[in-house]
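Report on the structure given below.
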Amino acid sequence: MQKQSIIGLDKQELTELLTSWGQKTFHVKQIWQWIYFRGAKSFDEMTNLSKDLRQKLQENFTLSRPKIVAEQISKDKTHKWLLEFDDGERIEMVYIPESDRGAVCISTQVGCAMGCKFCHTGSQKLTRNLTAGEIVLQFMVARDTYGEWPSPTDETRYLSNIVVMGMGEPLQNEENVIKALNILSDGDGIAVSRRRITMSTCGIAPKICDVLEKTGVRLAVSLHASNDEIRNTLMPINKVYNIEQILKEAQKYQQKDGSRYITFEYLMLDGINDSTENAKELIELLKKHKIRATFNLIPFNPWPGCDFKPSTPQKVKAFADLLNKAGFAAPVRVARGQDILAACGQLKSAQK
Ligand code: SAH
Ligand code: SF4
């Protein structure tokens, strides 16, 4: 039988495991630190554990990473990994550096069932959910690559942020996502603070508040349209949960935690959703729901087989200006890693 990965077990599961082995539970903290603070790759390294316990761990578990099948670094230093898990399934991960820090963009599913028309991942059917361990392991691979073990402090680390914006819809795999985000943000280990983790969803309305309450991470919603008519044509899920339902949940979340701004991602698609009327409609919508929000205006990344075109820079600027005037920050995202097809939402394992 193939050994199970120990990565992805939470503290409670480790405690239960040690108890069932008749071991003292104070070892949980030690093991946790070896795995998630020091990034240990073998149980032999865990020198403050008894030989007996190390051997038991070794017999039952692995600390192995997914295989790095391919790696590319673009001109602007965006880094892309193609990772393969034990069953041969592959996902992509991207690191997007800013001047002195950067965000690792992680995936939650192999493929995606949501079928958004503009999304490369969405053109690939859902194969399976990733486990909590596989979600956490992605960030650990990035840390291995950049040598960020043991966990540097929040201020000095290069891999400072996590965005759940890779392949898949996190709220379709919420149990594993909750567990993974809680492991990633645990202060005794990897310790990426919850404020530096953003989860992006296409808007599975009834699950939004629950996941945010259980993880404390920030919310981004892929809105991409100023009314249901347009959104229905872009995102099939809008026929199940429409804009109104999503914004109600967003509002509810914000009322509980007044300090948090919500990010709305808005893909700029030429002639589809980028007119001044669309901008005005959007502003009305957010004012009506009293939501404090910032926008991310995302340049559309074309891919073969998709007919949408990116909006012209003039249209994007006019759109952003209107949002700004209405009091919403609306930075225009610079497309990163374009030469290696590495933008979030572009991810699709090349072999599929
Ligand atoms: N499923 C989640 C998270 C993954 S997608 C979601 O939909 O929010 C991450 C972001 O990339 C989303 O905002 C998505 O709409 C965007 N995206 C998808 N395809 C894109 C493309 N071709 N160009 C630019 N952004 C894209
Ligand atoms: Fe899935 Fe998000 Fe792509 Fe839509 S945009 S198909 S929800 S990954």
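Data table
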| read-out | value |
| --- | --- |
| Surface share of carbon and sulfur [accessible, 1.4 angstrom probe, percent] for the chain | 51 |
| Neighbour-limited loop hits for chymotrypsin sites (Phe, Trp or Tyr not before Pro), segment 210-302 (at most 15 other Cβ within 10 Å; DSSP other than H, G, I, E, B) | 261 |
| Contour minus Cα-Cα distance for residue 213 and residue 252 (0.36 nm per residue) | 12.9 nm |
| Bridge type composition, the chain - antiparallel percent by DSSP, nearest 5 | 45 |
| Cα centre as origin, Lys/Arg/Asp/Glu Cβ charges: the chain dipole, Debye | 440 |
| Surface/4 estimate of mean projected area, convex hull on alpha-carbon atoms of segment 67-340, nm² | 13.9 |
| Accessible area per residue, Å², segment 67-340 with all protein chains present, probe 1.4 Å | 41 |
| Residue among 60, 48, 9 farthest towards the positive dipole end of segment 4-62, charges placed on Cβ | 48 |
| Residue 277/residue 3 FRET efficiency (R0 56 Å; Cβ-Cβ; nearest 0.05) | 0.45 |
| Inter-label distance for residue 47 and residue 307, nm, one decimal - labels placed 7 Å from Cα along Cα-to-Cβ | 6.5 |
| Pairwise label distance in nanometres, residue 244 with residue 158, each label 7 Å out on the Cα-Cβ vector | 5.0 |
| Å² per residue, accessible surface of segment 4-62 at 1.4 Å | 54 |
| Binned Cα-Cα distance frequencies in segment 148-197 - 10 Å width, integer % | 24, 51, 23, 1 |
| Length-normalised contact order of the chain in % [C-alpha pairs under 8 Å, at least 6 apart] | 16 |
| Straight-distance crosslink candidates among lysines, where the alpha carbon sits under 27 Å from residue 11 and sequence neighbours closer than 8 are dropped | 3, 24, 29, 41, 51, 56, 67, 179, 207, 214 |
| Assigned charges on the beta-carbon of Lys, Arg, Asp, Glu; segment 1-152 dipole about Cα centre (debye) | 40 |
| Most positive-pole-ward Cα, 303, 212, 236, against dipole of segment 188-336 from beta carbon charges | 212 |
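The values are calculated or read from the model by the stated rules, or taken from the named source; none is laboratory data. These figures come from a predicted structure and were not determined experimentally. So basically every Cβ, Gly included, is an ideal-geometry build from the backbone, and we count neighbours across all protein chains shown. In case anyone asks, the SASA skips ligands and DNA or RNA and just uses the protein heavy atoms, side chains included. Shrake-Rupley method; radii C 1.70, N 1.55, O 1.52, S 1.80 Å.
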